[in-house]
Each structure stands twice: as C-alpha cells, then as structure tokens.
1. When the chain is fully extended, how far beyond the present Cα-Cα distance does Glu314 get from His217, taking 0.36 nm per residue of separation?
2. Which whole-Hz ³J(HN,Hα) couplings does the stretch 168-174 yield from phi under the Karplus relation 6.51 cos²θ - 1.76 cosθ + 1.60, θ = phi - 60°, glycine and proline marked x?
3. Taking amide H positions as placed in the peptide plane 1.01 Å from N, state which residues far from Gly238 in sequence (5 or more) or on other chains have amide H under 5 Å from it.
4. What is the helix-to-structure angle for 70-85, meaning the angle in degrees between its Cα long axis and the longest Cα principal axis of the chain, kept from 0 to 90 and rounded to the nearest 10?
5. Taking Cα pairs under 8 Å and at least six residues apart, what relative contact order does the stretch 1-74 come out at, in percent?
6. State the answer as a single residue: which of Val243, Tyr96, Leu191 lies farthest towards the positive end of the charge dipole of the chain, with beta carbon charges of +1 for Lys and Arg and -1 for Asp and Glu, about the Cα centre.
7. Note down the magnitude of the dipole of the stretch 229-281 about its Cα centre, charges +1 on Lys and Arg C-beta and -1 on Asp and Glu C-beta and zero elsewhere, to the nearest 20 debye.
8. Kirkwood Rh over alpha-carbon pairs of the stretch 70-153, then Stokes-Einstein at 10 °C and 1.306 mPa s: what D in µm² s⁻¹, rounded to an integer?
Amino acid sequence: GSTGLGKTTTSSIIVSELAKHGIRVLIIDWHDEYLRLLRKIGIPREMIKVYNARKPYPLNPFDFKHGESIDEKVSFIVDIMESTLSLSAPQSYYLYEILQEELRDHASGISFSTLLSKLKEYSDITEGYSGREARYALMRKIRPLTIGQAKKLFEYTGSVKEEFMKKPITIIELGRVRNNTLRRIYTLFLLKEIFSMYTQKGLSSKLKLVIVLDEFHNLASTSCEVLERLFSEIRKFGVGLIVISQTLFDLPSYVLRNVNTKIIHSVKTYRDIKELVNILPYGPRYQDVIINLAVGEAVVYKVDMQHPVKVRIEFPFKMQDL
Ligand SMILES: Nc1ncnc2c1ncn2[C@@H]1O[C@H](COP(=O)(O)OP(=O)(O)OP(=O)(O)O)[C@@H](O)[C@H]1O
Ligand SMILES: [Mg+2]
C-alpha cells in the first residue's frame with residue numbers, strides 16, 4: 001500500500017496475534033515504530049527484546065557455527081557484499097579469494113578489519129595494474145564497515161549466542177542506523193544468520209518463527225541471492241515471512257511467487273494499479289475498490305480463496321490515544 005495507509009499498523013496487529021499464539025516473531029524495524037505500537041496494543045514490555053545501533057544484536061558475519069562448508073559460507077558473504085556495495089567482477093574476485101584463504105585458516109574470529117589488512121598485504125606476482133586498482137577500490141568500499149557506527153554493529157567476533165530470540169518478540173531497530181547501505185548489509189547478514197540457524201534445525205511443518213520485513217522495497221533494491229533463497233526455502237523449516245512494501249510493481253518475482261496471503265492497502269500510482277493484474281485474480285476488476293480504500297482498510301486474498309474480500313482492520317484501541 002501507498003504511504004500512510006496503515007501497513008505498519010496492520011502488521012503490528014498481526015504480530016501481537018502471533019505472539020498470543022506462542023509463535024516467535026522477529027521484526028526488522030526500519031523506522032523504530034514497532035515497540036510503541038505493540039505497547040499500545042497491550043503487549044507487555046517483558047515479552048519484547050529490542051536491539052538497536054547503540055545496543056546491537058551481537059552479529060558476527062564470519063561466524064562458522066552452522067555446519068556450512070567454506071564454499072557456501074564464502075558465497076553467502078560475497079553475495080551480500082556484492083548486492084549492497086555494488087562490487088565489480090574483479091572486486092568480487094578479490095573478496096572471494098581472500099575470504100577462502102582466511103576462513104580456511106581461521107574458522108572464526110575474522111572481521112572486516114582483518115579483511116582490510118589482508119587485502120592490503122595481498123601479493124600476487126601476476127597482479128597487473130588493473131588488478132591492483134580493483135583491489136584498492138574494494139578496500140575503499142570495505143573501509144566504511146570498520147569505522148563509526150558500522151564498527152559498533154559488526155564489532156562482535158565470537159559465536160552467536162543462543163539467547164537470541166528467547167523472548168516472544170524481538171525487534172531490530174534500524175531507525176538510528178545512519179545510512180541505507182549499512183542498514184541493508186546488517187539486515188542481510190542477520191537474515192543469513194537466521195537462514196543458517198533454522199535450516200540446520202531441520203524441516204518443520206509447524207510454524208516456529210515469523211520474520212517481519214518492513215520497508216521491503218529498501219531491502220530488496222538490488223538483487224540478492226540470500227533474500228531469494230530465504231523466500232523460496234525457509235518456509236519448509238518452519239519460518240514464515242511478512243513482507244511490507246509501498247509499491248507492488250517493483251517487488252522481485254521471487255516475492256510474488258512465494259506469497260500466499262496478500263493484504264493490499266490502497267495504492268495510488270498508475271504503475272501500481274496496472275500491476276494489480278499480476279497480484280490478484282481478475283485484478284483490474286478490483287481497481288476502483290482498491291483506489292478508494294480508506295486508511296486501515298484493505299483487500300485480502302489468499303491462494304485458496306475464491307475471490308478477494310475487503311476488510312477493515314480494527315485497532316484494539318482508539319487511534320487518538322496514539
Ligand atoms: N487500522 C487503522 N485504523 C485507523 N487508523 C489507522 C489504522 N492503521 C493506520 N492508521 C492511521 O494511519 C497512520 C499511518 O499508519 P501506518 O504507519 O501503519 O502506515 P504505513 O502504511 O506503514 O505508512 P508508511 O508507508 O509511511 O510506513 C497511523 O498513524 C494511524 O493514525
Ligand atoms: Mg510503515
């Protein structure tokens with residue numbers, strides 16, 4: 001739905017219902033909105049764990065706990081860095097080589113700073129001028145991850161602690177993370193971590209965890225294998241996803257392929273209205289209804305329903321209390 005029509009509010013109500021049913025929830029909160037909303041809905045504070053830029057979840061992108069091979073691990077890391085730092089092919093090549101070497105020698109305990117110094121020291125007699133250029137360009141892209149806020153977010157070098165997601169609801173607040181690249185890279189490493197954690201726990205027909213990805217259009221602004229695999233594979237392991245986006249037209253195809261239930265708040269742009277044809281059966285028939293939905297109203301469609309239905313999302317308290 002377009003901005004301000006109630007997506008985050010609807011999502012926080014779904015989250016509170018999931019929590020009541022004993023399903024764990026992890027929220028990627030792009031604008032630090034959920035704690036306040038959930039408290040207003042009446043979720044007790046002790047049910048919620050909040051991580052943010054000042055007190056980040058101890059995430060180590062290079063940790064080696066989940067039984068993946070070095071190759072898998074390296075390709076995950078390279079994929080995330082390619083997608084967020086827009087690496088060229090030669091830059092990816094250097095990253096790949098250094099990671100292979102480092103992860104083979106030190107199963108864990110490396111960091112972006114180690115990576116940087118290894119790149120600096122890298123010596124290969126066959127390296128020509130353009131190779132050297134690529135290596136230095138890669139170093140310039142990695143350096144921001146070793147200073148300031150990024151340093152704080154990635155300072156943890158130990159193994160990920162099991163207490164993560166012990167509380168019914170975990171919120172990762174990204175509102176105070178200063179730039180979008182850092183928000184994306186941090187979130188993707190976190191999702192990769194959860195992907196590994198849950199695929200290793202084994203198949204599950206029971207829903208164990210739901211991940212809320214608010215402002216998904218920001219997260220998926222460039223293609224990323226980690227996101228794609230999350231969408232196509234994680235459901236089998238008992239993990240559900242709630243994806244929230246302002247636009248319909250630029251949602252990646254792996255999202256549309258894998259989404260069972262659609263909750264459409266009003267859309268206003270021509271491109272989104274045109275996209276309804278791919279989102280709903282007989283989409284264009286619902287065009288007028290969808291354009292005219294009020295705040296807090298939505299059209300809902302689930303794959304096994306005969307036709308979409310219009311709903312009003314009742315807030316469990318008066319909105320003026322907010
Ligand atoms: N179900 C509802 N009933 C009544 N008012 C609502 C409802 N949902 C949202 N609102 C009102 O609309 C405002 C915007 O809601 P919300 O932040 O959930 O929108 P959004 O779609 O997430 O916006 P954005 O795209 O900017 O993130 C809220 O502050 C609230 O006042
Ligand atoms: Mg929102």
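The values are calculated or read from the model by the stated rules, or taken from the named source; none is laboratory data. Every value quoted in this text rests on a predicted model; they were computed, and no experiment measured them. Backbone-built Cβ (ideal geometry, glycine too); neighbour counts: all protein chains shown. Side chains are part of the model used for accessible areas, which takes the heavy atoms of the whole protein and leaves out ligands, DNA and RNA. Shrake-Rupley method; radii C 1.70, N 1.55, O 1.52, S 1.80 Å.
1. Between Glu314 and His217, full extension yields an extra 32.3 nm.
2. Running phi through 6.51 cos²θ - 1.76 cosθ + 1.60 with θ = phi - 60° gives x, 10, 10, 10, 9, 7, 10 Hz.
3. Residues meeting the amide H criterion: Ser204.
4. The answer is roughly 70 degrees.
5. Contact order relative to length: 23 percent.
6. Val243
7. Details: 8 positive and 4 negative charges, 20 e Å.
It comes to approximately 100 debye.
8. This corresponds to a translational diffusion coefficient of 121 µm²/s.
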